[in-house]
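The block underneath contains the structure these notes are about, expressed in structure tokens.
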Amino acid sequence: MRLAIVSQSARIYAQLARREGFEVLAIDAFADIDTVQAAHQTWQLPALAGRLTAEDAHILFEKLDAWQPEVLIIGSGFEADIACYQNLHQRYALAGNAPSVLEQVKNPYWLNSYCEAHGVLTPTVRSQAPQQGQWLYKLAGQSGGAHVSDWDESLIVSPEGYWQAFQPGLAVGALFVANQRSVTLLGVHALKQRQGDYTYAGATRLHDARLTAAMQKTLEALVPDAGLVGINSLDTIWHDGQLHVLEINPRLSASMRLYAELPLIQAHLAGTQGAVSPALQANTQYASHCILYARQAIETEDMNFPNWLEDRPDGGSVTAGQPLCSLYAQGDSTNEVQQVLQDKKTQLEKLWGTYVCERIEFNIH
């Protein structure tokens, strides 16, 4: 089957699809070494890191038309561009949520009311700047966490902005597959964030029976009536034995890296088509993936990127605040995984030198 994947970063989806026997076109913002190796064809569209112009969308359609995919799947990059997503949905066999569902679940006021109506805890949201208390300022329809800030009156507000009450606790995500009105929890993981902000920086698989049970109960309350299909993810806060829902991400998720031993692309397609899903047996090992970010601009032309790194850049420069590459480790305990990550960091410090590594945020903890 000819499968096209469009996402800010398509690497993990391309690798999964290739392993599961699909013929893959990958279109993303980076076209890194691993994506090029995994896909049969790769095309870089840097605008996917932001928002597509009409010209970008036209070129994207031309590339997809030339490939003639039997199925199109979408990762991040379209939550804030429903019109483009609608065009993709109408033009191709897009295996994913309907545009109306995407628009609905990314509306913070709808989600807040929906959670309350289904007995699920969620922080208060409001459209006007609060006068007291601790709040987050967010932009509706975004992804990846870079749009989230601790609110203070010096911030410049946007028409897409809203305020969400700060909820203390552990940031926890869930990967799940929705199939008609049923839901299967694939895994629960702690969410890593960049130092000093809320940008997604990786995730660590968790094996907490109480948390898993609470997540299952939350998904069973929310998913059947939401119209979701296929693989999606949920962002929550775990505090004092209770889950507080922050956002639903109605698309493929970067956290799929933690569950890559499962036939996730087949499960996604089955969920979107209402078909029987392949067997999805949970992995009992611990795992963590970490995104390395550039603190300052880094020239990568002369850097050696070992093949155990992921999302390796294919030359050029990486600007401050942008992802450089990723690390992954798995093992039989949290300590074992953490030690593997630390060992890899030490190897990179020897390989790249102190000067370069001081410009990199490793996010291994």
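The values are calculated or read from the model by the stated rules, or taken from the named source; none is laboratory data. A quick note: this is a predicted structure, and the numbers were derived from the prediction, not measured. Counting neighbours? That spans all protein chains shown, and the Cβs are built from the backbone with ideal geometry, glycine included.
A single entry from Ala93, Ala31, Ala17 fulfils the requirement of being touching a residue at least 60 places away in the same chain (Cβ under 8 Å) and out of contact with any helix residue (DSSP H, G or I) (no Cβ under 7 Å at 6 or more places or on another chain): Ala31.
Where residues in segment 288-317 are surrounded by 21 or more Cβ atoms within 10 Å (Cβ to Cβ) and farther than 17 Å from Glu349 by Cα, which of them is farthest from the chain's Cα centre (by Cα)? Ranking the candidates gives Pro313 first.
Of everything in segment 163-174 that is in a strand (DSSP E or B) and under 21 Å from the mean Cα position of the chain (by Cα), the residue that is nearest to Thr199 (Cα to Cα) is Ala171.
Restricting attention to segment 264-282, the residues being more than 19 Å from the chain's Cα centre (by Cα) and not in a loop (DSSP other than H, G, I, E, B) number 2. Scanning segment 144-178 for residues that are surrounded by 16 or more Cβ atoms within 10 Å (Cβ to Cβ), touching a residue at least 60 places away in the same chain (Cβ under 8 Å) and under 24 Å from Leu206 (Cα atoms) gives Gly144, Gln167, Ala171, Val172, Gly173, Ala174, Leu175, Val177, Ala178.
Among the residues of segment 16-37, those that are more than 18 Å from the chain's Cα centre (by Cα) and outside any loop (DSSP other than H, G, I, E, B) comprise Arg18, Arg19, Glu23, Val24, Leu25, Ile33, Val36, Gln37. The set of residues from segment 65-92 being modelled with pLDDT under 95 and either more than 23 Å from the chain's Cα centre (by Cα) or part of a strand (DSSP E or B) (or both) is empty. The sole residue among Tyr293, Tyr328 that is touching a helix residue (DSSP H, G or I) at 6+ places or on another chain (Cβ under 8 Å) and in a strand (DSSP E or B) is Tyr328. Return the residue satisfying two criteria in turn: it lies in segment 269-284 and is in contact with a Ser or Thr (Cβ under 9 Å, 6 or more places away or on another chain) and of a type outside the set (A, V, I, L, M, F, W, C), and of such residues it is modelled with the highest pLDDT. Per the criteria, the residue is Gly271.
Anything in segment 225-276 that is more than 19 Å from Phe22 (Cβ to Cβ) and without any contact (Cβ under 8 Å) to a residue 24 or more places away in the chain? List them, or say none. Those that are more than 19 Å from Phe22 (Cβ to Cβ) and without any contact (Cβ under 8 Å) to a residue 24 or more places away in the chain: none in segment 225-276. Within segment 146-160, can one find any residue that is more than 23 Å from Glu361 (Cα to Cα) and part of a strand (DSSP E or B)? No; the residues of segment 146-160 include none that is more than 23 Å from Glu361 (Cα to Cα) and part of a strand (DSSP E or B). Can we say Leu269 is of a type in the set (A, V, I, L, M, F, W, C), surrounded by 15 or more Cβ atoms within 10 Å (Cβ to Cβ) and under 22 Å from Lys192 (Cβ atoms)? Considered against the rule, which asks whether it is of a type in the set (A, V, I, L, M, F, W, C), surrounded by 15 or more Cβ atoms within 10 Å (Cβ to Cβ) and under 22 Å from Lys192 (Cβ atoms), Leu269 comes out as no. Among the conditions (1) β-branched (Val, Ile, Thr); (2) within 23 Å of the chain's Cα centre (by Cα); (3) not in a loop (DSSP other than H, G, I, E, B), the only one that Val120 does not satisfy is (3). Of the residues making up segment 38-60, those that are of a type outside the set (Val, Ile, Thr), assigned to a helix (DSSP H, G or I) and over 30 Å from Pro108 (Cβ atoms) are Ala38, Glu55, His58. The conditions of being closer than 28 Å to Val148 by Cβ and either touching a residue at least 60 places away in the same chain (Cβ under 8 Å) or surrounded by fewer than 21 Cβ atoms within 10 Å (Cβ to Cβ) (or both) are met by Gln193. Residue check: Asp302 meets all listed conditions (1) in the same structural domain as Ser333 (by TED's automatic domain parsing); (2) modelled with pLDDT of 95 or more but one, namely (2).
A residue that is buried (at least 18 other Cβ atoms within 10 Å of the Cβ), out of contact with any helix residue (DSSP H, G or I) (no Cβ under 6 Å at 6 or more places or on another chain), outside any helix (DSSP H, G or I) and of a type outside the set (A, V, I, L, M, F, W, C) occurs somewhere in segment 99-114. Take the conditions (1) over 20 Å from Leu280 (Cβ atoms); (2) among the acidic types (Asp, Glu); (3) in contact (Cβ under 8 Å) with a residue 12 or more places away in the chain; Asp208 misses just one of them, which is (1).
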